Structure formats: C-alpha cells, structure tokens
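Colleague: Sharing a structure, written as structure tokens. Questions coming.
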Amino acid sequence: MNKEIKISVNCPNFQTGGNIKGIGNIETLVRVYRLGRAMHPDLTLGSLKHQVILMGRALVSLPIIRNWYGISDNPLLTKALKRFPMMSGAIYWPYINHAWTMQQKLAAIDQHFRMLDGSAGIIAEATFAEVELARLEEEYAGLRLVLDKAIWFLREGEIVLNLFVYDQRFYSVAFTLGMDGGQPLVLVGALQGSNSDTAQTVYRDITHALNGMRPRDFLMIALKMLCIELGIHRIWAVSSDMRQHNSPYFGNSHKEKVLVTYNEVWLEHGGTEIGNGFFEIPAKVIYKEMSEIPTRKRAAYRRRYEMLDKLAMEIRNCCAQYSAQSVPMANNGMDSILPKRH
C-alpha cells in the first residue's frame, strides 16, 4: 500500500493559510465545470458521467481546488497554467502514479515549478520553448536530443526529454522534479516510443549508428547526464503497475496502448523497487572496464564511450547557458511531498 505524500506545513498552497489569492467557491466550481467540458467535450453518456464525477469530487475537495486556482506565489506555475490550462486536469485524471490523491498530484506539480531556478533554469526555459541539448549529426543525420513540454504527456510529467530525427519525435521520457528528504530527485512517469510506421526501421538504424545502443537506453543515459548537471542524484521511475495508464479512469481501453514494460527497463538501468510505486535509479553513468569487454567488441565500446563523453559535454554546456548565476536549485522551504519508501 502506498503511503500518503506528506505536505510540509511550510508549503502554503494546499493549506488553509499562505499566499492564496481570494477566490470564491462559486468561481472555483465554474472553473471546474469548464475544465470538465474541456476534458470531456464529446456529447456522449461517458463524457457526461466524467463531468458529473468531477463536479462531485470538486464539492468534496473544494478547499484544495480553491487553493490550487488561487496560487499567487509560484509565478512559473501561473505562467504554465495560462499556456497549458489542461494541466489542471490533474484535479481529476491520474498523474504519474495512479494511486496518488488529488492533493498529492497538485502538490507535486506545484513543487516542480518551485524548483526551476539555478541549475534547473533550463527546465523552465524548455517548458515554454523547445531547447536542443545536443546534436548527433555525426552519428545519424538529423538526430537531436531535445527538451520540451508536450501536451500529450500532461499526465506523465511536466517536461519531456526526447530523441528527434529532424522534427519528428521518436523516443521520449517524461518527468517531473520533486523532493524527498530535502534532496531533489526526478520522477519519471513515461518512457515512450513512436507509433510511426517507420519507427522500427529507424530504431534499428539509430542503434547501429550509436555503436549498439538502443534509442531508449541512449535516452535513459542522457536523462542521467541531465540529472547530474541539475545536481540530482536519484531518479524515481514509476512501476509498470502504478503508471497512470493503469488507472480505473481509463477502464481497460488504455492498457492495450502500453508497449514498454517499465520494470524491466528500470532494472536494466540499475533500478531497485522501493515499495512506493517507484523504482529508484541512481543518476550515474557507469562505463565498463575494457577488461570486462570481449576483445572483438572493445573498439565499438571505445567509440560508444567517446560519443557519450561528447554528449555529456554538450549537455553541460547547454545547461550552463540557462543556469542562473549564484542561485542554487532549492526546495523553497518545502519538504518532501512524495510517498515514502517502505
């Protein structure tokens, strides 16, 4: 059983006090009604059912939702909500871990946007405009590592790290920044490939070009490198069972769309199941000793490691451009809001 996320008494946004703009119950319910219509616009019995359930939950959790709409001390979140109003869908739909409560979901989003200073300035920039972290033209024509915010990943994370070929997205990992025990971490809610007819052919060609590295493995290593630049040492990746796709919100229809077995991927990348719906993965990039590698493969591994060294440098240089001078990433007085490990 998942333990409740603990909200710090220093976090004003989901408590009775703090920096909350005055917003009445009627205005809150009107906003929820409009949100429900936007989330479920079809004139069907199913859509009407979702809208009714949402309004019922809003009445039960009115203080939490009123505070969410009244946040006044988190300017990046306010800006993001204006740009991506469907972010408020977390009031109803699942977010990262489908067992999270409404309060947990909203607090996780709020905290993410409170962490986008200092070395995490690049995440703030990528929330509103695509940021290219690296180009791999020498390896594969048009291959790019890109940070952005994609609306179809709103339930899986606030930011997305992608492999693009020119302007086409071929692999993505969605994540949100969080805190645990006063230390920053990354919460991964999705690892997803492309449904393009050419995807498997492109993956095969990219794997060959990247000296035997599959695109998803390359992307996971790139995520670890990004974490290192952000001063983050741990990644919590949602388990297969607890990912948002498995929420009762979707019934059984959504499960067929999930192709990646998350647990296997997390284990391959050094993950350990920690009993709160996540696997903890160290944000470390470990190279094998050449003595551990068969002689016939050593040349390929040398090329791979040279490529990864170059990638790490490009990510470092790109992050440095957006890092605020002398302002470290901080939790803004907030303690962990995450479910504790068992």
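Colleague: Which listed residue (T198, P184, G157) has the Cα farthest towards the positive end of the charge dipole for the chain, taking +1 on Lys and Arg C-beta and -1 on Asp and Glu C-beta about the Cα centre?
Modeller: After comparing all options, I get G157.
Colleague: For the chain, what's the relative contact order in percent, using C-alpha pairs closer than 8 Å and at least 6 residues apart?
Modeller: On the way: 579 pairs, mean separation 75.8, N = 342.
Reported as a whole number, the value is 22 percent.
Colleague: Taking 0.36 nm per residue of sequence separation and subtracting the Cα-Cα distance, how much length would be gained by fully extending the chain between K297 and S240, in nm to one decimal?
Modeller: Working it through step by step, the gained length comes to 17.2 nm.
Colleague: I need to check one value: relative contact order of region 118-322, counting alpha carbon pairs closer than 8 Å and at least 6 residues apart, in percent. Present the calculation step by step, with values, prior to reporting the outcome.
Modeller: Working: 327 pairs, mean separation 40.1, N = 205.
Dividing the mean separation by the residue count of region 118-322 yields 20 percent.
Colleague: Sort the chain into rounded, prolate or oblate with this rule: let a ≥ b ≥ c be the square roots of the eigenvalues of the Cα gyration tensor; rounded if a/c is under 1.5, and if a/c is not under 1.5, prolate when a/b is larger than b/c, oblate otherwise.
Modeller: prolate
Colleague: With a 10 Å radius around each residue's Cβ, average the other Cβ atoms per peptide and rank 57-69, 157-169, 309-321, highest first. List each step's numbers first, then the result.
Modeller: Details: 57-69: 18.4, 157-169: 20.3, 309-321: 15.8.
Peptide ranking by packing, descending: 157-169, 57-69, 309-321.
Colleague: Where does helix 215-230 land angle-wise versus the long Cα axis of the chain, in degrees 0 to 90, nearest 10?
Modeller: 70
Colleague: Give me D197, D241, D73 ranked fewest to most by other Cβ atoms within 10 Å of their Cβ, as a rough exposure proxy.
Modeller: Lowest to highest Cβ neighbour count: D197, D241, D73.
Colleague: How long is the gain from L59 to S47 if the chain were fully straight, where each residue apart is worth 0.36 nm and the alpha carbon distance is subtracted?
Modeller: On the way: separation 12, 0.36 × 12 = 4.32 nm, distance 1.87 nm.
Going from the current span to full extension adds 2.4 nm.
Colleague: Quick one: 3J(HN,Hα) in Hz for region 153-166, Karplus 6.51/-1.76/1.60 with θ = phi - 60°, rounded, Gly and Pro as x.
Modeller: Rounded to whole hertz, the list is 10, 4, 8, 10, x, 7, 8, 10, 9, 10, 9, 9, 10, 6.
Colleague: Report, by chain and number, residues whose modeled amide H sits under 5 Å from the one on K284, excluding near sequence neighbours (fewer than 5 apart, same chain).
Modeller: Under 5 Å from the amide H of K284 lies no amide H from a residue far enough along the sequence or on another chain.
Colleague: Taking amide H positions as placed 1.01 Å from N in the peptide plane, with prolines and chain starts having none, which residues 5 or more places from I71, or on another chain, fall under 5 Å of its amide H?
Modeller: K21
Colleague: With a ≥ b ≥ c the root eigenvalues of the C-alpha gyration tensor of region 12-96, is it rounded (a/c under 1.5), prolate (a/b larger than b/c) or oblate?
Modeller: It is prolate, given that a/c is not under 1.5 and a/b is the larger ratio.
Colleague: By how many nm would the segment from K310 to K82 grow when fully extended, if each residue of separation counts as 0.36 nm and the alpha-carbon distance is taken off? Don't jump to the answer; show the numbers that get you there.
Modeller: Numbers: separation 228, 0.36 × 228 = 82.08 nm, distance 3.73 nm.
Taking K310 through K82 to full extension adds about 78.4 nm, to one decimal.
Colleague: Please give the helix 25-39 orientation as an angle from the longest Cα principal axis of the chain, in degrees from 0 to 90, rounded to the nearest 10.
Modeller: 40
Colleague: Tell me, what ³J(HN,Hα) does each residue in region 296-312 have, in order and in whole Hz, if you take phi through Karplus 6.51 cos²θ - 1.76 cosθ + 1.60 with θ = phi - 60° and put x for Gly and Pro?
Modeller: 5, 9, 5, 4, 5, 5, 4, 5, 4, 5, 4, 4, 5, 4, 5, 4, 4
Colleague: For F170, F279, what ranking results if the residue with the fewest other Cβ atoms within 10 Å of its Cβ goes first?
Modeller: F170, F279
Colleague: Related question: Mind running the shape call on region 47-183? Use the C-alpha gyration tensor, a ≥ b ≥ c as the square roots of the eigenvalues: rounded below 1.5 for a/c, prolate if a/b tops b/c, oblate otherwise.
Modeller: Prolate is the answer for region 47-183, as a/c is 1.5 or above and a/b outweighs b/c.
Colleague: To continue, here is another question. Taking amide hydrogens as modeled 1.01 Å from N in the peptide plane, which residues meet the under 5 Å criterion relative to Y171, leaving out close sequence neighbours?
Modeller: Excluding prolines and chain starts, which carry no amide H, the hits are L163.
Colleague: About the Cα centre of region 118-322, how large is the charge dipole given +1 on each Lys and Arg Cβ and -1 on each Asp and Glu Cβ? Please answer in debye to the nearest 20.
Modeller: On the way: 23 positive and 26 negative charges, 96 e Å.
I would put it at about 460 debye.
Colleague: Okay, moving on. Would you kindly derive the ³J(HN,Hα) couplings of region 195-202 from the backbone phi angles with the Karplus curve 6.51 cos²θ - 1.76 cosθ + 1.60 (θ = phi - 60°), listing them in order in whole Hz, with x for Gly and Pro?
Modeller: 9, 5, 4, 9, 4, 5, 5, 5
Bear in mind these aren't lab numbers, they're just calculated from the coordinates by the rules spelled out. No experiment lies behind these values; they were computed from the predicted model shown. Note that we place each Cβ from the backbone using ideal geometry, even for glycine, and neighbour counts take in every protein chain shown.
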